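Engineer: Take a look at the following structure, please.
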Amino acid sequence: MAGMGWVAWGSGAIAMLKLVVLVLLTRLLTPADFGLVSAGLIVVSVSLNFSQLGLGPAIVQRSTLEPRHLSTAFVASTSFGILLAAGVWWAAPLIAQFFRMEHLVPVVRALGLLFPIAGIGTVPESLLQRTLRFRLLSNRDVLAYGVGYGGIGVVLALLGWGVWALVVAQLTQAVIRTVILLSAAPPFLRARPTWSSFLELMEYGLGQSAARLGMIAANQVDNLVVGRWLGPVPLGEYSRAFQLVSVPATLLGNVVDKVLFPTMARVQDDPRRLTTAYLEGTALLALVTLPAGVVAAILAPDLVAVAFGSRWAGIVPPFQLLALGMTFRTSHRISDSLSRATGKVYRRAWRQGLYAGLVFLGALIGQLWGLTGVAVGVLCALTVNYVLMAQLSLAVTGVSWARFLLVQLPAVRLAVVMGAATLAGTLGARALGLPAVASLAMGTIGALGSALLAAWVAPTLALGEHGVRTRDTVRTLLLARLRLAGVRGSR
């Protein structure tokens, strides 16, 4: 829980920094500058997902880690990063030709330096994750972004560097991240790299990379279908609806995954603790996402009107459907962490591949009925993926379907209570002819007020066994921190 707190702090701080930096850089740079860097980062970001061949997660997951594994992974990840940088340098003219941007060549070549920089930091970062040093990792990310973009990027933009302000900011951020990693966890180079060690790591790494490819495809193919068959305007509407739902779900899912994967890997040989972690994580995530999805679906008309304006009213139906699938989109991340922690990466990989195919098929069929049809198709794919990943987790832990569903029952009860209160608040505001912002406020107050009341009056029913235990743990931790701060202050 402390780890999740640190990861949440890092993610939230970076999100706020990005907002401030985006406003500043938008005023100092042109759309063309952002377009060039965005095009280059498309290539780099996709390639970075596979540039380390899954060696980092293999180090985190491996129960018995020897110095030969670390030296082999360091040499392999660094060498592959250099090879990718050379490949991007050579392919830069072709990439620029594909994007029809003649000035993209030097930008892509410069951004290609990110590959060896990331390669050097792969082993240190994995070691820090393995030892659960989330405080250092989160503070590193905040510091690197603040200096890279908030410092170097803004200053160079003020000096008129244009697109190169963004390029240098990106490289500076990567260098700072890697330097901090190397100082905190220097890579072990005493042992000689061996081919057998590489094969042992790649046995896991290839499955990890394959599953990652399926996940990336699943997150993109629905946009591809909408853009190809419905056109740019529907794509813009769908992407807005998707982002409105996926940002909080992705943020929460990433926080959970970053902490649970290395934590579960440490207890992978202890079935009791592994089962407890899985059930507790599933219960808590459902307790957050299921009520949030129901409340967001009810508030959708007012939320869209306030956030985007009345001209975006067309995204309300797809947004409501995607919001109802928030639990499926987020909760499968726990099963994802469990499968990676226990080495079931190939079972995970075929499920992710099937998930990507179902998203494509659902969106392709659904587009015949417009964006609402696409959202229905994607929701069906999410549901199937949730069931498949849950089945894998239950097979690993030995938990029954009845027990799995039972731990999520409090989330259902809380969603009903909060949904009813939200609906009453919004309907009351609309009946009085109040503006959308007032309806949104009344619905939100109803949701939060009913949640607090239910947790106070009937905590076991509203929060469940796992929710109550988590509440008590958080309260204990906070009181301990406050007492410690008071002791320090008195000194």
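The values are calculated or read from the model by the stated rules, or taken from the named source; none is laboratory data. All of these numbers come straight from a predicted model, not from anything done at the bench. Methodologically, a virtual Cβ is constructed for each residue, glycine included, from the backbone with ideal geometry; neighbour enumeration extends over all protein chains shown.
Engineer: Which one of these is under 17 Å from the mean Cα position of the chain (by Cα) and either farther than 29 Å from W401 by Cα or in the same structural domain as M215 (by TED's automatic domain parsing) (or both): V294, V306, V259?
Structural biologist: Exactly one residue qualifies, and that residue is V259.
Engineer: Looking at segment 357-387, which of its residues are crowded, with 22+ Cβ neighbours inside 10 Å and farther than 15 Å from V226 by Cα?
Structural biologist: Hits for segment 357-387 are A381, L382, N385.
Engineer: Of all residues in segment 300-339 being in contact (Cβ under 8 Å) with a residue 12 or more places away in the chain and not in a helix (DSSP H, G or I), which is nearest to G370 (Cα to Cα)?
Structural biologist: G325
Engineer: Can A363 be described as of a type outside the set (S, T, Y) and touching a Ser or Thr at 6+ places or on another chain (Cβ under 9 Å)?
Structural biologist: When the stated conditions are applied, A363 does not pass them.
Engineer: Consider only pairs whose beta carbons are under 6 Å apart and that are at least six residues apart or on different chains; among these, list those whose first residue lies in segment 187-208 and is aromatic (F, W, Y) and whose second residue is surrounded by fewer than 19 Cβ atoms within 10 Å (Cβ to Cβ).
Structural biologist: F188/P67
Engineer: For segment 175-187, give me the residue count where each residue is at pLDDT below 90 and crowded, with 18+ Cβ neighbours inside 10 Å.
Structural biologist: Number satisfying all stated conditions: 2.
Engineer: From R62, R68, R109, grab the single residue that is charged (D, E, K, R), surrounded by fewer than 24 Cβ atoms within 10 Å (Cβ to Cβ), more than 30 Å from A341 (Cα to Cα) and not assigned by TED's automatic domain parsing to the domain that holds D269.
Structural biologist: Sole residue among the options that is charged (D, E, K, R), surrounded by fewer than 24 Cβ atoms within 10 Å (Cβ to Cβ), more than 30 Å from A341 (Cα to Cα) and not assigned by TED's automatic domain parsing to the domain that holds D269: R109.
Engineer: Go through segment 325-339 and give me each residue that's out of contact with any Asp or Glu (no Cβ under 9 Å at 6 or more places or on another chain) and either farther than 12 Å from A218 by Cα or aromatic (F, W, Y) (or both).
Structural biologist: Matches in segment 325-339: G325, M326, T327, F328, T330, S331, H332, S335, L338, S339.
Engineer: Still on this model: Can you pull out the helices (runs of 4 or more DSSP H) entirely within segment 395-491 that have at least 3 residues that are among the small types (G, A, S), assigned by TED's automatic domain parsing to the domain that holds P291 and in contact (Cβ under 8 Å) with a residue 24 or more places away in the chain?
Structural biologist: Ranges flagged: 409-431, 436-457, 459-490.
Engineer: Related question: Looking at segment 136-146, is at least one residue touching a residue at least 24 places away in the same chain (Cβ under 8 Å), closer than 19 Å to L171 by Cα and β-branched (V, I, T)?
Structural biologist: yes
Engineer: Tell me, please, whether a residue that is within 22 Å of W369 (Cα to Cα), charged (D, E, K, R) and in a helix (DSSP H, G or I) can be found in segment 262-275.
Structural biologist: no
Engineer: Does at least one position in segment 241-251 carry a residue that is part of a helix (DSSP H, G or I), closer than 20 Å to P410 by Cα and at pLDDT below 85?
Structural biologist: Yes, that holds for at least one residue.
Engineer: Of all residues in segment 211-234 being within 18 Å of the chain's Cα centre (by Cα) and of a type in the set (G, A, S), which is surrounded by the fewest Cβ atoms within 10 Å (Cβ to Cβ)?
Structural biologist: By that ranking, first place goes to A217.
Engineer: Moving on. Looking at segment 204-227, can you tell me whether even one residue there is modelled with pLDDT of 85 or more, in a helix (DSSP H, G or I) and farther than 30 Å from G357 by Cβ?
Structural biologist: No, there is no match, as no residue in segment 204-227 is modelled with pLDDT of 85 or more, in a helix (DSSP H, G or I) and farther than 30 Å from G357 by Cβ.
Engineer: Another one. If you go through segment 475-491 one residue at a time, do you hit one that is of a type in the set (V, I, T), at pLDDT below 90, closer than 30 Å to D269 by Cα and out of contact with any helix residue (DSSP H, G or I) (no Cβ under 7 Å at 6 or more places or on another chain)?
Structural biologist: Yes: segment 475-491 contains one or more residues that are of a type in the set (V, I, T), at pLDDT below 90, closer than 30 Å to D269 by Cα and out of contact with any helix residue (DSSP H, G or I) (no Cβ under 7 Å at 6 or more places or on another chain).
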